[in-house]
Amino acid sequence: MRIIKTIITLSCLSLLVACGGPATDATVPVAQPAGATSVDIGDHVVHFSAQSTDQLPPEVAQAYNFVRSKNRAMLTVSVLEEGTNNAANAEVTVKTVNLTGQLKNVNMRTITEGESIYYIGETPIANREILIFDISVTPEGIDTTTDIRFKRQFFTN
C-alpha cells in the first residue's frame, strides 16, 4: 500500500503545483467525471490506476526498475479481499490498445511489499494518446475470471 499511497500523494501534489489558475477572461471547460478506479468482483475488490512514470519519485522508480519518463505509462492493479482488505494473490493479465487499435505491450509483474501485493506493468505512450486497458483477474482459489475495461488519456508535453 505504501507505493500506491506515495503515487497518489505525488499525483495530487503535481496537480496542485501545476494549477496556476486561468486568466480572468479564460474559458474554462467543464470537468468530466473521473472514471472508476476499483471494481467489486464478488469476494474481492480490484483497484487499478494508470499514470506516466515521470510522476514516480526517483527512489521508487529505481527500487522497482522503472524508467521515469513522461513517455511511459505505468499500470498498477491490486486485488483485495472484500471485507478484510487483505491483499490477495491473483492471476492478472492485461491487453492494451490505443484508439487506432494498435496493441500496446504491457507485461505485468508481481511486487510484494510486506503484506501488500501489486501487479504492475508499463508501456510507451504518446502525447494525447488514449489507452484502453482490458484487465483479466482471477483471484487465487476462484474459478471465475473477471474482465475489467477502463481508458485513460495521457499528456506528455
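Every number in this text was worked out from the coordinates using simple rules, so none of it is lab data. A quick note: this is a predicted structure, and the numbers were derived from the prediction, not measured. Virtual Cβ from ideal backbone geometry, glycine too; neighbours counted across all protein chains shown.
For N65 and T144, what does the FRET efficiency come to when R0 = 25 Å and r is the distance between their Cβ atoms, rounded to the nearest 0.05? Walk me through the numbers before you get to the answer.
On the way: r = 32 Å, r/R0 = 1.30.
According to the calculation, E is roughly 0.15.
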For the pair A36 and Q102, how long in nm is the line joining their label points, each one 7 Å along Cα→Cβ?
2.9 nm
So which aspartates and glutamates pass the test for K151, namely a Cα distance under 20 Å, with those fewer than 8 places away in the same chain ruled out?
D40, D54, E122, E129, D134
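Exposure proxy check: R68, R109 ranked by fewest other beta carbons within 10 Å?
R109, R68
Take peptides 85-91, 112-118, 129-135 and line them up by average Cβ neighbours within 10 Å, highest first, as a rough protection proxy. If you can, show how the numbers build up before the last one.
Numbers: 85-91: 16.3, 112-118: 13.6, 129-135: 18.1.
Highest to lowest by the protection proxy: 129-135, 85-91, 112-118.
What does the charge count near I125 come to, summing +1 for each Lys or Arg and -1 for each Asp or Glu among other residues with Cβ under 14 Å from its Cβ? Write out the running numbers ahead of the final one.
Numbers: positive: R68, K70, R72, K104, R128, K151, R152; negative: D54, E122, E129.
Computed value for this residue: +4.
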